Amino acid sequence: MSLDAYQRTRKITELPRSTEFRLVSQITAEMISARDAGLKGAGLMAALHRNREMWSTFASACAAPGNALPDTLRAGIISLALWADRFTSDVMANRESVDDLIDVNRMLLEGLAPEKMAA
């Protein structure tokens, strides 16, 4: 089976929550790798940009009409996205460490973890 066929099949069968878990895992791993490589500030730009885009997408989805998540959860995700956007600027300016962004993503991963999906 070719890689393209596998990816198409995964898109058809993968639950949205599994896709979100995979995306957050990948982006968090990128930030950890960049941090562990000693990158700071603007050196983290690529990983930080992907993280910022992800959170922006989550916020947009939560603000969209017809989103079925509870209002409090949607509001919390939007708040986290706004915080991540502001905090990312501080990390790029070398005023803050990337560790807090990594920690927030890890907490999100705990909520999206596959074993929680069955519950």
Looking at Val98, is it touching a Ser or Thr at 6+ places or on another chain (Cβ under 8 Å), hydrophobic (A, V, I, L, M, F, W, C) and either exposed (fewer than 12 other Cβ atoms within 10 Å of the Cβ) or at pLDDT 95 or above (or both)?
no
Selection over segment 22-63 where residues are aliphatic (A, V, I, L, M), out of contact with any Lys or Arg (no Cβ under 6 Å at 6 or more places or on another chain) and touching a residue at least 60 places away in the same chain (Cβ under 8 Å) yields a count of 4
When (1) on the phi > 0 side of the Ramachandran plot; (2) surrounded by 12 or more Cβ atoms within 10 Å (Cβ to Cβ) are applied to Gly38, the one that fails is (2)
If we ask which residues in segment 84-102 are aromatic (Phe, Trp, Tyr) and without any contact (Cβ under 8 Å) to a residue 12 or more places away in the chain, their number turns out to be 0
When (1) modelled with pLDDT under 95; (2) within 11 Å of the chain's Cα centre (by Cα); (3) of a type in the set (Val, Ile, Thr) are applied to Val104, the one that fails is (1)
If we ask which residues in segment 13-45 are at pLDDT 95 or above, in a helix (DSSP H, G or I), farther than 13 Å from Leu112 by Cβ and of a type in the set (Gly, Ala, Ser), their number turns out to be 3
- [ ] Within segment 81-89, identify whether any single residue is aliphatic (A, V, I, L, M), within 25 Å of Arg22 (Cβ to Cβ) and surrounded by 14 or more Cβ atoms within 10 Å (Cβ to Cβ), and answer yes or no.
- [x] yes
Scanning segment 17-35 residue by residue, the ones that are farther than 13 Å from Leu108 by Cβ, surrounded by 15 or more Cβ atoms within 10 Å (Cβ to Cβ) and of a type in the set (Ser, Thr, Tyr) total 0
query = In this structure, does Gly76 turn out to be more than 13 Å from the chain's Cα centre (by Cα), assigned to a helix (DSSP H, G or I) and surrounded by 14 or more Cβ atoms within 10 Å (Cβ to Cβ)?
reply = no
Note on segment 53-73: residues among the hydrophobic types (A, V, I, L, M, F, W, C), exposed (fewer than 13 other Cβ atoms within 10 Å of the Cβ) and part of a helix (DSSP H, G or I) are Leu73
- Answer yes or no: is there a residue in segment 103-112 that is part of a loop (DSSP other than H, G, I, E, B) and in contact (Cβ under 8 Å) with a residue 24 or more places away in the chain. no
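The values are calculated or read from the model by the stated rules, or taken from the named source; none is laboratory data. All values derive from a computational prediction rather than experimental measurement. Don't worry about glycine lacking a Cβ; one is built from the backbone with ideal geometry, like all the others, and counts go over all protein chains shown.
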